[in-house]
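Before any comments, here is the structure.
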Amino acid sequence: MRHLGPASLLTILFISFGLVAFEIAAVPAASGQAAHPKLVLTSKPSTPTVPKAAEPSLVTVAPPGSALYVAKRGDSIPLVARHYLSQTSYLTSSELSDAIRSVNGDFRSTFLKAGQPVIIPGLLPMPIVEKSIPVQRDFEVRAVYLTGLMAASDRGIRIIRHWREVGGNAVVFDIKDSDGSVTIPFDHPLLGSHRSAFHDLPKFIRFLHSQNMHAIARVAIFRDQRLVETHPELAVKSHRTGQTWRENGKLVWTDPSQPKVQEYDIALAKKAAEAGADEIQFDYVRFPAEGDQKDASFVFQTEHPEWHRSDAIVEFLKHAYAALHPTGVLLSLDVFGIMAWQRPVDLAHTGQDIPRMAKYCDVLSPMIYPSHFFGMDGIAHPGDAPEHFIGESMVRFESITKGSGVVIRPWLQAFRWRTRTYSPKYIEAQVLTAKNKGGIGFLFWNAANDYSKPYVAMPEMRATKGQFFRGDEQSTSVRAADLAAGTKPPAESVRP
């Protein structure tokens, strides 16, 4: 047997020492004892190490009925809300902004980081299709008026909800005002491009229906500055100059006897009916009443020289009623309160022959604001005599429409102009007088949409059941299923 030399012995010792080192490093420290220091080899192991598996990253998933948006540089919550508003059930971009903050863990910052995932709630599976909810013409409407811009805003939504809380059951909202501005999407060659206050009218009307509110779409008919400016050939003309005639040198009017103007307004009204409005209300259904009347020139004077202005108005209403009535909506007409007196000069100027007009509508809404009867009946301050002027107006309107079946639903004063006694009691006096003289329901007008006095008066009137109003409601609330499907309620829900 060969003896090992000194070098071989050292090699064996080195290898043995290394193996011991590996064993020491592999033994875990006993529980409760300090761990032994690990010995680390300076040379690499013969087999490669397996890297530690990375933990799975968190992925944002949009729940059903929502969408996932990945923010771009410069995005903000309001910007994203405006982009997605038309695809959601929310009415305003601020409502959607609040909902986005809520479902995303209450975002505190307005601005978003690039690449940040954002859940968009309330996504609609398809565009809303809303249907009118039919009521009888003598349904007792209790309404306030809102401009288109107001009705489509957050403040307007608050007004509607508050009005419902205090006892209201209807809202009148503009789809075309007297300046000619159209507030809904409407594709018509006479209108062209325009900015709409209501981006989605069926969605807004569905909201009204969900509140059990009767939806009344107001159309200012023949006073239309926008249409005159874009199509001057449709305007009332001056005999002297052949140019556009102006009422008192200022206001312009479309020609009420111009067929193109009539068709335009009827088409707009039908658009609102198709969007689910329950009632179409025509305002400015008349000729201009002031200014140099002899200088005003109209189409009917050439086409139908035997006609009077009232004939042109009645023929228009025949056509409009025939077009709208089959859709199931009510047609109401705003008329001057002074027309109850049937003065020949008023009839000759406005063309509002009330007994003939009553045959082609469901509701007449005379504007019997007490403050507007200045110079009548020897009363120095008519605004402070609501019982007299509303009572007298209602008696006269009831008399001249007797037998027509038309409902008289008056516009009442909800503003303090030319009154020293405007208050909640003033509101109550108007409502009580109108009801006692045959009125069914009422509409409150305030151009600034300030209804602070009616808000106070309504609960007091409602508490005295039957004295101020009957309290009609849609007998069957609009069910969630009906709203989701956009269907009409069952026939038994219509008040007999």
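The values are calculated or read from the model by the stated rules, or taken from the named source; none is laboratory data. Keep in mind that what you see is a predicted model, and the values were worked out from it rather than measured. Cβ: placed from backbone, ideal geometry, glycine included. Neighbour counts: every protein chain shown. With ligands, DNA and RNA removed, areas are computed over all heavy atoms of the protein, side chains included. Shrake-Rupley method; radii C 1.70, N 1.55, O 1.52, S 1.80 Å.
Between a first residue in the stretch 140-162 that is more than 16 Å from W411 (Cα to Cα) and a second residue that is among the charged types (D, E, K, R) and modelled with pLDDT of 95 or more, which pairs have beta carbons less than 8 Å apart while being 6 or more apart in sequence or on different chains?
G148/D174; G148/D177; A151/D174; D154/E95; I157/E95
Give A62, A99 a once-over and let me know the one that is farther than 30 Å from V172 by Cα and of a type outside the set (D, E).
Details: A99 fails: farther than 30 Å from V172 by Cα.
The match here is A62.
Okay, residues lined up against (1) in contact with a His (Cβ under 7 Å, 6 or more places away or on another chain); (2) closer than 29 Å to A215 by Cβ; (3) surrounded by 15 or more Cβ atoms within 10 Å (Cβ to Cβ):
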| position | (1), (2), (3) |
| --- | --- |
| E290 | no, no, no |
| D295 | yes, no, no |
| V299 | no, no, yes |
| F316 | no, yes, yes |
| A323 | no, yes, yes |
| P326 | no, yes, no |
| L330 | no, yes, yes |
| M367 | no, yes, yes |
| D384 | no, no, yes |
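Is there any pair with a first residue in the stretch 86-102 that is farther than 11 Å from I120 by Cα and a second that is open to solvent by less than 60 Å² (accessible area, probe 1.4 Å) and among the hydroxyl-bearing types (S, T, Y) whose Cβ atoms are under 7 Å apart and which are 6 or more apart or on different chains, and what are they?
Cβ pairs passing all conditions: T92/S153.
Checking the conditions here, which among D154, D138 is under 30 Å from I440 (Cα atoms) and of a type in the set (D, E)?
From the options D154, D138, the qualifying one is D138.
Of all residues being of a type in the set (G, A, S) and under 22 Å from F139 (Cα atoms) in the stretch 351-365, which is surrounded by the fewest Cβ atoms within 10 Å (Cβ to Cβ)? Just the residue, please.
Residues of the stretch 351-365 that are of a type in the set (G, A, S), as a first pass: 351, 358, 365.
From what's left, under 22 Å from F139 (Cα atoms): 358, 365.
On the way: A358: 24, S365: 27.
Going through the qualifying residues, I end up with A358.
Name every residue in the stretch 72-93 that is under 25 Å from S210 (Cβ atoms) and not in a helix (DSSP H, G or I), in order of residue number.
Correct list: T88, S89, Y90, L91, T92.
Of everything in the stretch 136-157, what is aliphatic (A, V, I, L, M) and buried (at least 22 other Cβ atoms within 10 Å of the Cβ)? Give them in sequence order. Outline the logic, then answer.
Restricting attention to the stretch 136-157, the residues satisfying the condition of being aliphatic (A, V, I, L, M) are 141, 143-144, 146, 149-152, 157.
Scanning the stretch 136-157 gives V141, A143, V144, L146, A151, A152.
Of all residues in the stretch 452-470, which are touching a helix residue (DSSP H, G or I) at 6+ places or on another chain (Cβ under 7 Å) and among the small types (G, A, S)?
Within the stretch 452-470, just A457 meets the criteria.
At pLDDT 95 or above, farther than 30 Å from P326 by Cα, open to solvent by 10 Å² or more (accessible area, probe 1.4 Å) and out of contact with any Asp or Glu (no Cβ under 8 Å at 6 or more places or on another chain): is that true of I100 in this structure?
Working: at pLDDT 95 or above: yes; farther than 30 Å from P326 by Cα: yes; open to solvent by 10 Å² or more (accessible area, probe 1.4 Å): no; out of contact with any Asp or Glu (no Cβ under 8 Å at 6 or more places or on another chain): yes.
No: the conditions fail for I100.
State all residues of the stretch 189-201 that are in contact (Cβ under 8 Å) with a residue 12 or more places away in the chain, on the phi < 0 side of the Ramachandran plot and surrounded by fewer than 20 Cβ atoms within 10 Å (Cβ to Cβ); if no residue qualifies, say none. Before the answer, list the steps.
From the stretch 189-201, those in contact (Cβ under 8 Å) with a residue 12 or more places away in the chain are 190-192, 194, 196-201; that's our starting set.
Restricting the remaining residues to those that are on the phi < 0 side of the Ramachandran plot gives 190-191, 194, 196-201.
Correct list: L190, L191, H194, S196, H199.
Out of I280, I266, which single residue is touching a helix residue (DSSP H, G or I) at 6+ places or on another chain (Cβ under 6 Å) and in contact (Cβ under 8 Å) with a residue 60 or more places away in the chain? Steps first, answer last, please.
Numbers: I266 fails: in contact (Cβ under 8 Å) with a residue 60 or more places away in the chain.
Going through I280, I266 in turn, the sole match is I280.
Return the pair list, or none, for Cβ contacts closer than 7 Å from residues in the stretch 462-487 that are of a type in the set (V, I, T) and assigned to a loop (DSSP other than H, G, I, E, B) to residues that are modelled with pLDDT of 95 or more and surrounded by 15 or more Cβ atoms within 10 Å (Cβ to Cβ), at least 6 apart or on different chains.
V478/I133; V478/H209; V478/N212; T487/K131
Scanning the stretch 280-317 for residues that are β-branched (V, I, T) and in contact with a strand residue (DSSP E or B) (Cβ under 8 Å, 6 or more places away or on another chain), which turns out nearest to C361 (Cα to Cα)? Explain how you work it out, then say what you get.
Let us first name the residues in the stretch 280-317 that are β-branched (V, I, T), namely 280, 285, 299, 302, 313-314.
Narrowing the set further to residues that are in contact with a strand residue (DSSP E or B) (Cβ under 8 Å, 6 or more places away or on another chain) leaves 280, 285.
Numbers: I280: 10, V285: 12 Å.
Only one residue fits best here, namely I280.
Would you mind stating whether D154 is farther than 21 Å from T254 by Cβ, among the charged types (D, E, K, R) and under 12 Å from the mean Cα position of the chain (by Cα)?
Numbers: farther than 21 Å from T254 by Cβ: yes; among the charged types (D, E, K, R): yes; under 12 Å from the mean Cα position of the chain (by Cα): yes.
Yes, satisfied.
So, in the stretch 424-466, of the ones that are on the phi > 0 side of the Ramachandran plot and open to solvent by 20 Å² or more (accessible area, probe 1.4 Å), which residue ends up modelled with the lowest pLDDT? Step through it out loud before you land on a result.
We begin by selecting, within the stretch 424-466, every residue on the phi > 0 side of the Ramachandran plot; these are 438, 441, 449, 466.
Still in the running and open to solvent by 20 Å² or more (accessible area, probe 1.4 Å): 438, 466.
Values: G438: 97, G466: 92.
Looking at residues that are on the phi > 0 side of the Ramachandran plot and open to solvent by 20 Å² or more (accessible area, probe 1.4 Å), I get G466.
Residues of the stretch 119-128 being open to solvent by 10 Å² or more (accessible area, probe 1.4 Å) and in a strand (DSSP E or B), which ones?
Of the stretch 119-128, the ones open to solvent by 10 Å² or more (accessible area, probe 1.4 Å) are 119, 121-128.
I119, L123 - these are the residues of the stretch 119-128 that are open to solvent by 10 Å² or more (accessible area, probe 1.4 Å) and in a strand (DSSP E or B).
Go through the stretch 158-188 and give me each residue that's within 18 Å of V219 (Cα to Cα) and open to solvent by 10 Å² or more (accessible area, probe 1.4 Å). Let's see the steps before the verdict.
Within the stretch 158-188, the subset within 18 Å of V219 (Cα to Cα) is 170-188.
The answer is D177, S178, D179, S181, T183, P185, F186, D187, H188.
Please list, ordered by first then second residue, the pairs with beta carbon atoms under 8 Å, 6 or more apart or interchain, first in the stretch 107-118 and assigned to a strand (DSSP E or B), second open to solvent by 70 Å² or more (accessible area, probe 1.4 Å).
These pairs meet every condition: P117/L68; P117/V70; V118/L68; V118/V70.
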